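> The structure that follows is given in the form of C-alpha cells.
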Protein chains: 2
Amino acid sequence: MSELCPRFEKAMQIISKRWVGLILFELLDGPKRFSEMESNLPVSGRLLSDRLKMLEQEGIVNRNIYSEFPVRIEYSLSKKGESLRPVIEDIQKWADDWVTPEEVEG
Amino acid sequence: MSELCPRFEKAMQIISKRWVGLILFELLDGPKRFSEMESNLPVSGRLLSDRLKMLEQEGIVNRNIYSEFPVRIEYSLSKKGESLRPVIEDIQKWADDWVTPEEVEG
DNA sequence: TTCACTTACTTACAAAAAGTAACTACATAA
DNA sequence: TTATGTAGTTACTTTTTGTAAGTAAGTGAA
C-alpha cells in the first residue's frame, strides 16, 4: 500500500472522478445552472447531480438558490474550486500540444 | 452533447481514468518496474496492467524489456508523458494548499 | 529431466459505479 | 384543477473495478 503522498492521492480521488474535469472546465467560465451544464456536457442528470453534490461537500462548488419563478439554482466555484484553474489550464495546454484531431475522432 | 473542446475531453478521458494520476506521479520520479509500482501504489496487478497498456497505446508510457535473468521490464514516460509534469505538479500544489490532513483520514 | 523460482502478467468471478429513461417535487399560472 | 418549468430522483441494465488464484517464459538446482 502507498504512502507516496496522502494529500495528492486525495486530490486525485476528487479530480479524477469521471466528469469532474469537464464540470470544473464549465464552471471556470462562470456560474452555471443545472440544465445548462446538462446540455453542455455529455453527462446525464443522475451523475451531474451526484458530482455537484460531491463537489459541494468537498467545498469546491457553491450552490446558490434564487427564489424566482421558476426557481433558479446556480452552481459556482468556491475559492478552493477556483484554485484548480491552473490544473485545468495545464490540461488544456497539454491537450492542444499533444492530442491530435484523429485521436479525438477514434 | 458537448462541443466544449474535443481535445480537452480526450485529455480528461485519459488523465482522469482511475489510477492514471498516481501512475504518472510514480513515473515522473523515474523509470519503474511493474512489481515496484504494484507495491508502491494501492492498485492491483490487473488494473496496473490495463492502465500501463492503455498509456503505452496513447504514447504516454514506454515499455523497455531487458533480457537479463530474471527478465526486467521498465516503464518510463515518453516525451508526451513527461509533458504532463506541470499538470501533476499543479495538482500536488493544490493538494498541499487545500487538502487537509483530516480530509485524508476520513 | 523434472521441479522450483522469479517476474510479469491474465483469468474468472463478485461488487461497485455508470448509463438510460421514466418519474417526482415544488412553485406558479391559466 | 390542469399545465408548465426547473431541478432533480428512482429503477433497472451495462460497464468497470476489486480480489484472488492461475499462467507463461526463462533460468538453475537436484
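Computed from the coordinates by the stated procedures, all read-outs in this text should not be read as laboratory data. Since the model is a prediction, treat every value here as computed from it, not as a measurement. Methodologically, a virtual Cβ is constructed for each residue, glycine included, from the backbone with ideal geometry; neighbour enumeration extends over all protein chains shown.
> Given Cα pairs under 8 Å that are at least 6 residues apart, what percent is the relative contact order of chain A?
Answer for chain A is 24 percent.
> While we're here: What angle do you read, to the nearest 10 degrees and between 0 and 90, between the alpha-carbon axis of helix B:85-98 and the longest principal axis of chain B?
It is inclined by approximately 50 degrees.
> Also: With the alpha-carbon atoms as the only input, what is the per residue convex hull volume for the protein assembly as shown in Å³?
Taking the convex hull of the Cα positions in the protein assembly as shown, it is 130 Å³ per residue.
> For chain B, with a Gaussian network of springs between Cα atoms less than 10 Å apart, report the residue from B:K93, B:K80, B:K53 with the top mean-square fluctuation.
B:K93
> Any idea what the alpha-carbon Rg over 2.2 N^0.38 Å comes to for region A:10-105?
Working: Rg = 14.2 Å, N = 96, 2.2 N^0.38 = 12.5 Å.
Normalised by 2.2 N^0.38 Å, the Cα Rg of region A:10-105 equals 1.14.
> Assigning unit charges at the beta carbon (Lys, Arg +1; Asp, Glu -1) and nothing else, what dipole magnitude in debye, to the nearest 20, does region A:32-106 show about its Cα centre?
Magnitude of the dipole: close to 580 debye.
> Where nothing but the Cβ of Lys and Arg (+1) and of Asp and Glu (-1) is charged, how large is the charge dipole of the protein assembly as shown around its Cα centre, in debye to the nearest 20?
Dipole of the protein assembly as shown, to the nearest 20 debye: 360 debye.
> Please average, across the residues of A:17-25, the number of beta carbons from any other chain that are within 10 Å of each residue's own beta carbon, and give a whole number.
Per residue, the average neighbour count from other chains is 4.
> Using amide H atoms built 1.01 Å from N in the peptide plane, name the residues 5+ places from A:N62, or on other chains, whose amide H lies under 5 Å from its own.
Here the answer is A:S76, A:L77, A:S78, since their amide H atoms fall under 5 Å of that of A:N62.
> Filter A:K80/B:K79; A:K17/B:K10; A:K32/B:K93 down to the pairs with a C-alpha to C-alpha distance above 21 Å, please.
Beyond 21 Å: A:K80/B:K79; A:K32/B:K93.
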